[in-house]
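The values are calculated or read from the model by the stated rules, or taken from the named source; none is laboratory data. Keep in mind that what you see is a predicted model, and the values were worked out from it rather than measured. For the accessible areas, the whole protein counts, side chains as well, though only heavy atoms, and no ligand, DNA or RNA atoms are used. Shrake-Rupley method; radii C 1.70, N 1.55, O 1.52, S 1.80 Å.
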Amino acid sequence: MERGDKVAALAAIREQLGNRICSGSELLQVQEAEPVQTATGLAELNRQLGGGLPKGQLTEILSGQGGLGGGGLVMAALLARARREQEYVMLFDVGGSFAPDDFPARDLEALLWVGCASPKEALEALDIASRDENFGLFLLDARSCQERDWRGVPAALWYRILGQLREREAAAVLFAQESVTAVAKRKLRVEIPVRCDHLEEDREVLWDELAFERVTNAARPEKREREELRFVG
């Protein structure tokens, strides 16, 4: 078919289908703007995310390393929701931050724990695991990691994982102290007011006290530029 015939054929298809036809880049923009979502079990987190965790995307939850930072409570809520929905969850524990004793045994039944020595090792494992259709939610617990620990992670690895999440409509949540990648379009910092009686409160009560704040700045500009250049190259 000559080029002129192809252009005419495409024009005819556009005329017939109207707004139901778009380019691949336009379709990607629509999916990012209106992602399929899954509820988190936390009303305030759902509100901040526009309805729930976006499937096919990576979300960053930022908190301190300690147990009172709020990240562990968010993780507990996600595991409890997954158990209620009978959904399998895979958790990549970098540096031993995850403490199973802090979670009810029933919420760990559908959890597959993967111990990782470094963020790079965790992402390489996620790269493989995100091709498995049996898991709809992936958690990366990297709260013990520092910024220097993320150096050496290829940008292409982030983007490949993101593509696999989109293909299978799975969600991934990265728990860290600070934002580490521009790939994550949604970033929230979580905090919980520190009070003495928190030591005796049930987690359901503490969930209601979690405060979330959107983080508008992504990874540092020079880091983001380096990621993009390495991905293009």
Alpha-carbon Rg with Dmax, taken over segment 118-216, Å: 15.8, 46
Quick one: Debye curve from the C-alpha atoms of segment 67-115, no solvent, what's log10 I(q)/I(0) at q = 0.27, 0.29, 0.30 Å⁻¹? -1.14, -1.27, -1.33
On the accessible surface of segment 35-157, probed at 1.4 Å with all protein chains in place, carbon and sulfur together account for a percent value of 48 percent
